[in-house]
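The values are calculated or read from the model by the stated rules, or taken from the named source; none is laboratory data. Not measured: the values here are computed from a predicted model. Backbone-built Cβ (ideal geometry, glycine too); neighbour counts: all protein chains shown. When the accessible area is computed, the model is the full protein with side chains, heavy atoms only, and any ligands, DNA or RNA have been set aside. Shrake-Rupley method; radii C 1.70, N 1.55, O 1.52, S 1.80 Å.
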Amino acid sequence: MNKFYVWFLAAAGGGLTTAILISTNAGLLVLLAIVGAWWIWQYPEYSFWTLIVAAPLLPMLKATQTLGELTLLKDMIILVLFVKLFGWPLLTKRLEWRRNILVAPITLLIVWVAINTLRANSLTLGILRAREIVLYVLLYFAVLYLPASEGFLKKTWQWFIASAVVVVLLGVYQWFWAGDSAVLRFDPARSIWIPRMSATLGHPSVLGEYLIVVWTLLLASVLVFGKKLSWWGSVIAMLFLLPFIYLTYSRSVWLGLGTAIAVIAVVWLVKYVRQKRVIRKGYMLAGLTAVIILSAVFMRFTSAGVFLRTAIDPTYGSNQDRIMLVANIIGDTTNGQAIWGKGLGNVVTQQYEGADATAEDIAELDSRTVQLAKASTLVDNQYLKTFAELGLIGILIYLWIYYRIARKCWRVIVGGGAKSQLVIGWWGLGFLAAFVTQALFIDIWDVWPTNAIFWVAAAMVSREVLTK
């Protein structure tokens, strides 16, 4: 029998059964999922590009009561891609193993997550938290086995930039014509409430991290490619994006961008010196002095600088909340829990109290209740959250992953190679620097789409480009 008809019968039967046992909405979603799974299985490359394009647009659906369930389609794309490209070939012994840099730390991470899922006070919430971690690790292996060619990589960049253009245009629309949808923040420099751009990402910090991904990719292109039309286009696009990053009014975003630029600048300088090019000490001293003076003037006399200084001001409102949260979590942690963790989901905070999700809520696709349950674990600091749930061991596992990626980026940059490889190396380094910095202010591992983008970037850095 034709495979299409098998999928069709499965979709019809599954949708009808689900509609009878649970609800009509669930039945329709199952029907759509099975049909979508067939399309993903047949066209994995197009499915991946669909995920890239939809990534920054899906958060809009979470704000609705009727379309929130559709965000689960991203999960389906990731799972089917993983089974198609890695899982099934591995089981049938047809997998052509591609060497990658994260096998050991990922294996340890999955094992440790499984152990701490069983230690969760609420097994349902623990499973939801485990999904937030493991699902996107599967995306890493799927991307690792997508076509490793420069042509595929070029099309991926094109789709990514096209999606980013849509996000920016919608950000412009929000700023000028939909101000009521903006998140507000108090500006201590001017003592006024200011709107913050979030576009389709739902939160300014998430939008900022997404724009930093685009910005560092453009910067990597500028560093690698010559002064052609595309070079000037990248420079203009970088300048064009800066106001949008600024209008997020997110300290984590600004600091993340600054860290990315500083790390790339230092690595570029080291590479320059390693190539035995002479840099006069006077020029270096003058440049360093200019940077220090300009930074001091910026931090002291501009409203943006005053706002940035609040990141380390213990009397600032949000910082006081964070300090109290740190004290509560650490004060409630035993010596053993500091090493092993308390278990996934065991970070319920008063600031984000939400409903307790049950297995029935998940089966009925009650996305609102599930979202509130996961929100109860937010602490606005990924390292603190990881410490509470997975302990010091969990933090060390993530640091191991960061180290492996940074080392591979460094080797690609100083080792030379194809231009596409160098772009990935520079981009991966800048994105990682911003990601690690922003994790101090947001649960970045648990926020779509930055969690997915991290593993996509890790896979591209790991595999580079293998074919022409």
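Check the stretch 167-175 and report whether any residue there is of a type in the set (A, V, I, L, M) and closer than 24 Å to LEU255 by Cβ. The answer is yes; a qualifying residue exists.
Residue count for the stretch 107-143 under the criterion of being among the polar types (S, T, N, Q), part of a helix (DSSP H, G or I) and at pLDDT below 85: the result is 1. Set side by side, the residues TYR145, TYR136 differ, and just one is buried (at least 16 other Cβ atoms within 10 Å of the Cβ), more than 21 Å from TYR210 (Cβ to Cβ) and aromatic (Phe, Trp, Tyr), which is TYR145. Say whether the condition of being more than 27 Å from TRP445 (Cβ to Cβ) and assigned to a helix (DSSP H, G or I) is met by at least one residue in the stretch 241-260. The answer is yes; a qualifying residue exists. Looking across the stretch 430-460 at every residue that is part of a helix (DSSP H, G or I) and among the β-branched types (Val, Ile, Thr), the one that is most open to solvent (accessible area, probe 1.4 Å) is identified as VAL436.
Within the stretch 85-132, restricting attention to residues that are hydroxyl-bearing (Ser, Thr, Tyr) and without any contact (Cβ under 8 Å) to a residue 40 or more places away in the chain, which residue is farthest from ALA457 (Cα to Cα)? Within the stretch 85-132, the match that is farthest from ALA457 (Cα to Cα) is THR92. Suppose we filter the stretch 373-392 for residues that are modelled with pLDDT under 75 and open to solvent by 30 Å² or more (accessible area, probe 1.4 Å); how many remain? So the count comes out to 2. Just one of (1) at pLDDT 90 or above; (2) over 16 Å from the mean Cα position of the chain (by Cα); (3) part of a helix (DSSP H, G or I) fails for LEU146. It is (3).
For ARG300, the test of being closer than 28 Å to GLY425 by Cα and modelled with pLDDT under 65 is failed. Condition check for ARG94 on (1) open to solvent by less than 30 Å² (accessible area, probe 1.4 Å); (2) over 23 Å from ILE52 (Cβ atoms); (3) outside any helix (DSSP H, G or I): one failure, at (1).
Against the condition hydroxyl-bearing (Ser, Thr, Tyr) and open to solvent by 20 Å² or more (accessible area, probe 1.4 Å), how does SER181 come out, does it pass? It is true that SER181 is hydroxyl-bearing (Ser, Thr, Tyr) and open to solvent by 20 Å² or more (accessible area, probe 1.4 Å). Within the stretch 332-347, the set of residues being modelled with pLDDT under 80 and surrounded by fewer than 18 Cβ atoms within 10 Å (Cβ to Cβ) comprises ASP332, THR333, THR334, ASN335.
I need a count of the residues in the stretch 193-216 that are open to solvent by less than 70 Å² (accessible area, probe 1.4 Å) and modelled with pLDDT under 80. Within the stretch 193-216, residues that are open to solvent by less than 70 Å² (accessible area, probe 1.4 Å) and modelled with pLDDT under 80 number 1. Among the residues of the stretch 413-422, those identified as in a helix (DSSP H, G or I), within 15 Å of SER221 (Cβ to Cβ) and open to solvent by 10 Å² or more (accessible area, probe 1.4 Å) are LYS419, SER420, GLN421, LEU422. A Cβ distance below 6 Å, combined with a sequence gap of six or more or placement on separate chains, defines the contacts here; from the stretch 154-175, residues that are open to solvent by less than 50 Å² (accessible area, probe 1.4 Å) reach residues that are at pLDDT 90 or above and β-branched (Val, Ile, Thr) in the pairs PHE160/ILE52; SER163/VAL53; ALA164/VAL214. Just one residue in the set LEU239, LEU219 is open to solvent by 20 Å² or more (accessible area, probe 1.4 Å), touching a helix residue (DSSP H, G or I) at 6+ places or on another chain (Cβ under 9 Å) and at pLDDT 90 or above; that residue is LEU219. Scanning the stretch 105-124 for residues that are touching a Gly at 6+ places or on another chain (Cβ under 8 Å) and open to solvent by 20 Å² or more (accessible area, probe 1.4 Å) returns TRP112, LEU118, ARG119, ASN121, SER122. With respect to the conditions (1) part of a helix (DSSP H, G or I); (2) farther than 30 Å from TRP340 by Cβ; (3) under 18 Å from the mean Cα position of the chain (by Cα), LEU57 falls short on a single one, namely (1).
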